[in-house]
Amino acid sequence: MRLKSLVRVIFWTFVFISCHSSYAEQEWENVTHNLKDLDLHTIAVSPDDPDIVFVGSSSGIFRTQDSGDSWQKVYSTSTSYGNVNFIAIHPERPEIIFAATRDGLLRSTDSGIGWEKVFSGIGDDERWATSVGFYKDKILLGTRGGLFFSTDNGKNWKNLKGRFSNSDITYLFCDTEKDIILVSAKEGLFRSIDGGNKWDRVFETSRDILSDIPEEVQTQYEVGEFQEGAETIKAITQDPNNRDRIFIGNTFGVFYSKDSGLTWKRLTNSGLLDRNINFLLFSPNQSPRLYAATDSGIFSTDKDSSHWIEVYKGLNKKEIRAISSDKENSSLWLASKGGVFRLNLDNTQLASQGPDFNTHKIFNQFSTEPTIKELQEIAVRYAEVHPQKIESWRKAAAKKAILPDLSVGLDRYVTDLLHWDSGTNPDTFLKGDDVIAWDVSLTWELGDLIWNNDQTSIDTRSRLMVQLRDDILDEITRTYFERRRLQIELLFSPPTDLKTRLEKELRLQELTADIDALTGGYFTKILEERDLTQ
């Protein structure tokens, strides 16, 4: 009965309250307040003063000097050329700030109070600035029309000739200490270890994405799917504790390098709801974590990188464009399509470890619930993306050559229907009978026994179905284990205040509803049936 299940949950709740310490939970704070434009694209925190933060929007640049309690618009972009794409603060002279916009590069020399345009380029492509990097005495500027550099803090600019003469640059990464420059362009990721004189392509997306996919699965992909910039790298970050460890993000997820960008491997996608990465940031606080901003929210993973966790609490906006942190890495800031949010990282770690419970007994508390394998099978069947469906198509196409094409013809001859009387009255029209003829024909295409053109269509459908099935399995696996972690959290560390308890219960119901949506209501149905038998 339901009463028995409720009593069991209450019992274990009190057991864990008495034996286990709680932990502070990550929760976002909305610090948008009086910000007039919420369509934000970039954010940067001053290294000198963590209370000073800059955001770039579709209409200009905004500045706060009180940690987001109030915002002031310090620059307005023209209506025809909006979008502040990137804000970068000089690492050695924080009073100098650059803002890459669709209408060129802006510079401030007084900590963001006044701004001037220092680069316009020639043509729309060069005018569209995308990223800024700092390497020794050089300032690098990426545009849609090439790579430029300045050696006088942005007063004069030169085109870096050669490899990037007309390239569409999407992101720049510089590490002066390691003598490394990484440039992301439509053609791939390029690396220089001599200040930009020589460049090596170290990540060619089509090749590198397929490199860690089993050969038997690679046939499901076509090279065309990886072209035209769909997989362009949009984010690069580095582990400050291990500068050889670099991360990049594109539309296929996150990749990492352990040798300063020379070779790359795919990072796990487990738990990553959206693989289209908008921004990456590595936060080296007490528990180093990698954060990924996507249109579906923000996700984090620890140094083991075995699973991503969505950091959702307090965040009511999903489309995250950029992330930044202060110099001490005590706070995390993000810019979204709906405003600015801040996360305090000081108290987000486990306070202490609890007693060594028997994990088998703990998981036995959920033994009446469907297993992940059971739900995966139901989800695949509900979405009609099981492999047997493709196999049945192939068998049907193979049998098609055995069956003939049937055609039936019907002809009517009316030439002699009206005619002159050939007898005694030659001047008289007579009406005769029309003539009807019919035929039946059977034809076989014996060549279809060797190759059927329908196989091409089936191959295309099969590839799309495999991708859809993978997405469904990833989604239900992520949701299932996020729900399980929340259940265990409620047992180990039940909230003491009613509001927090209700929020967690609502989140649990939301995850249950998500699983129901993927299984056609099977999950709740089984829970209710098995609960009634207790």
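The values are calculated or read from the model by the stated rules, or taken from the named source; none is laboratory data. If you're wondering where the values come from, they're calculated on a predicted model, not measured in any experiment. Ideal geometry is used to build each Cβ from the backbone, glycine not excepted, and the neighbour counts take in all protein chains shown. For accessibility, only protein heavy atoms count, side chains too; no ligands or nucleic acids. Shrake-Rupley method; radii C 1.70, N 1.55, O 1.52, S 1.80 Å.
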Being touching a helix residue (DSSP H, G or I) at 6+ places or on another chain (Cβ under 9 Å), open to solvent by 10 Å² or more (accessible area, probe 1.4 Å) and not in a loop (DSSP other than H, G, I, E, B), is that true of even one residue in the range 301-319?
yes
Residues of the range 489-504 being within 27 Å of the chain's Cα centre (by Cα) and open to solvent by 40 Å² or more (accessible area, probe 1.4 Å), which ones?
503
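Here is a yes/no grid of residues against (1) in a strand (DSSP E or B); (2) in contact with a Pro (Cβ under 8 Å, 6 or more places away or on another chain); (3) open to solvent by 10 Å² or more (accessible area, probe 1.4 Å); (4) in contact (Cβ under 8 Å) with a residue 12 or more places away in the chain:
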| residue | (1), (2), (3), (4) |
| --- | --- |
| 152 | no, no, yes, no |
| 156 | no, no, yes, no |
| 164 | no, no, no, yes |
| 174 | yes, no, yes, yes |
| 177 | no, no, yes, yes |
| 181 | yes, no, no, yes |
| 189 | yes, no, no, yes |
If you go through the range 240-273 one residue at a time, how many are open to solvent by less than 30 Å² (accessible area, probe 1.4 Å), part of a loop (DSSP other than H, G, I, E, B) and free of Cβ contacts under 8 Å to residues at least 60 places away in the same chain?
1
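Answer yes or no as to whether residue 239 is acidic (Asp, Glu) and modelled with pLDDT of 90 or more. Steps first, please.
Working: acidic (Asp, Glu): yes; modelled with pLDDT of 90 or more: yes.
For residue 239, the condition - acidic (Asp, Glu) and modelled with pLDDT of 90 or more - is met.
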Can you tell me which residues in the range 184-201 are under 20 Å from residue 251 (Cα atoms) and aliphatic (A, V, I, L, M)?
185, 189
Is it the case that residue 52 is touching a residue at least 60 places away in the same chain (Cβ under 8 Å), open to solvent by less than 50 Å² (accessible area, probe 1.4 Å), of a type outside the set (Ser, Thr, Tyr) and farther than 26 Å from residue 294 by Cβ?
yes
Of all residues making up the range 477-534, the number that are of a type in the set (Gly, Ala, Ser) and more than 22 Å from residue 315 (Cβ to Cβ):
2
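Does residue 524 meet the test of being over 14 Å from residue 369 (Cβ atoms), β-branched (Val, Ile, Thr) and either at pLDDT below 80 or in contact with a helix residue (DSSP H, G or I) (Cβ under 7 Å, 6 or more places away or on another chain) (or both)?
So residue 524 does not fit the description; no.
Filter the range 57-114 down to residues that are part of a strand (DSSP E or B) and among the β-branched types (Val, Ile, Thr) and give me whichever is farthest from the chain's Cα centre (by Cα).
By that ranking, first place goes to 74.
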Listed by first then second residue, the pairs whose first member lies in the range 383-402 and is within 23 Å of residue 373 (Cα to Cα) and of a type in the set (Val, Ile, Thr), whose partner is in a helix (DSSP H, G or I) and at pLDDT 70 or above, with beta carbons under 6 Å and at least 6 positions apart or on separate chains, are 385/465; 385/468; 385/469; 390/462
Looking at (1) open to solvent by less than 70 Å² (accessible area, probe 1.4 Å); (2) modelled with pLDDT of 50 or more; (3) closer than 21 Å to residue 266 by Cβ, which is the only condition residue 200 fails?
(1)
